[in-house]
Amino acid sequence: MITKPDYDQLYNIVEEQGGYFTAVQARGVGFSWERLSNNVKRGKFQRAAPGVYRLVQFPASAYEDLIVAWLTAGPQSTISHESALAFYELSDMLPAEVNVIVPRTASRRRANLRQHTNQLAPDEITRRGGLQVTTVVRTIADVASHGLAEEQVRQAIQEALQRGMVLQADLLTQAERRSGRAKKIILSALQKEGEK
């Protein structure tokens, strides 16, 4: 058990998370509640949300709400669905709740979080700006499966293809892994793109 605060270890943690960390992570490297509070008062840490802090030498993220939600849900969670679509700027809709995929063992509900327990393959997760998020192709398949309006899914696919964020082959592979609505929408959107 670490009893003395280790700023170097804390820095290693926050570097991977865009400058943010949880109180639990800080305690793991020797920061007591009092030491956390003292660092906030001294201006070294900034409280982003209850239990989530930012090392002030890192700039605040434009996606702080997503980072806070991700860290609150736990390090094994991943930003997904409509929240990931907004993160990639493939939708102008802002979901009322932050969507995260969590391990099946995560049973605790949290305010303003919509938890999904889908399985993710390692190649369906990426890190951007310190945030763990589903890949663009996985995000599109998830929103197509979970009821986002068909026109909005088609628009996201078209924009992702135009911006070089996905390949048609990858979307086709993801469609083949799915059934029902997602497969139908993705295949239809790809067919329309092929007709242009």
- Query: Which condition does Lys183 not pass, out of (1) buried (at least 16 other Cβ atoms within 10 Å of the Cβ); (2) charged (D, E, K, R); (3) modelled with pLDDT under 90; (4) within 19 Å of Glu82 (Cβ to Cβ), if it passes all the others?
  - Reply: (4)
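Going through Ala111, Ala156, Ala149, Ala141 one at a time, which residue ends up being hydrophobic (A, V, I, L, M, F, W, C) and over 23 Å from Ile185 (Cα atoms)?
Testing whether each residue is hydrophobic (A, V, I, L, M, F, W, C) and over 23 Å from Ile185 (Cα atoms) leaves just Ala111.
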- Message: For the stretch 156-180, which positions are surrounded by fewer than 16 Cβ atoms within 10 Å (Cβ to Cβ) and hydrophobic (A, V, I, L, M, F, W, C)?
- Response: Leu167, Ala169, Leu172
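Of all residues in the stretch 11-27, which are more than 25 Å from Thr126 (Cβ to Cβ) and out of contact with any Leu (no Cβ under 7 Å at 6 or more places or on another chain)?
Matches in the stretch 11-27: Arg27 only.
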- Name the pairs whose Cβ atoms lie under 8 Å apart, with the first residue in the stretch 63-86 and β-branched (Val, Ile, Thr), the second assigned to a helix (DSSP H, G or I) and at pLDDT 90 or above, and 6 or more positions between them or separate chains? Thr78/Trp70; Ile79/Leu66; Ile79/Ala69; Ile79/Trp70; Ile79/Phe87
- Within the stretch 85-96, restricting to residues that are surrounded by 15 or more Cβ atoms within 10 Å (Cβ to Cβ), modelled with pLDDT of 90 or more and out of contact with any Gly (no Cβ under 9 Å at 6 or more places or on another chain), the one that is farthest from Met165 (Cα to Cα) is Ala86
- Could you pull out the residue among Val137, Val133, Val153 that is closer than 17 Å to Ala86 by Cβ, touching a strand residue (DSSP E or B) at 6+ places or on another chain (Cβ under 7 Å) and crowded, with 16+ Cβ neighbours inside 10 Å? Val133
- Message: Are there helices (runs of 4 or more DSSP H) fully within the stretch 135-196 with at least 1 residues that are over 16 Å from Glu89 (Cα atoms) and under 18 Å from the mean Cα position of the chain (by Cα)? List them.
- Response: 136-145
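Can you name the helices (runs of 4 or more DSSP H) wholly within the stretch 1-112 that have at least 1 residues being farther than 28 Å from Leu148 by Cβ?
Here the list reads 7-16, 23-28, 33-41.
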- Going through the stretch 121-134 in order, the residues found to be in contact (Cβ under 8 Å) with a residue 24 or more places away in the chain and either assigned to a strand (DSSP E or B) or within 18 Å of Lys183 (Cα to Cα) (or both) are Ile125, Arg127, Arg128, Leu131, Gln132, Val133, Thr134
- Determine whether the stretch 74-92 contains at least one residue that is assigned by TED's automatic domain parsing to the domain that holds Ile157, more than 16 Å from Thr139 (Cα to Cα) and among the hydrophobic types (A, V, I, L, M, F, W, C). no
- Does the stretch 119-148 hold any residues that are touching a helix residue (DSSP H, G or I) at 6+ places or on another chain (Cβ under 7 Å) and either at positive phi or modelled with pLDDT under 85 (or both), and which are they? Gly130
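The values are calculated or read from the model by the stated rules, or taken from the named source; none is laboratory data. These figures come from a predicted structure and were not determined experimentally. When we count neighbours, we look across all protein chains shown, and the Cβ atoms used for this are built from the backbone with ideal geometry, even at glycine.
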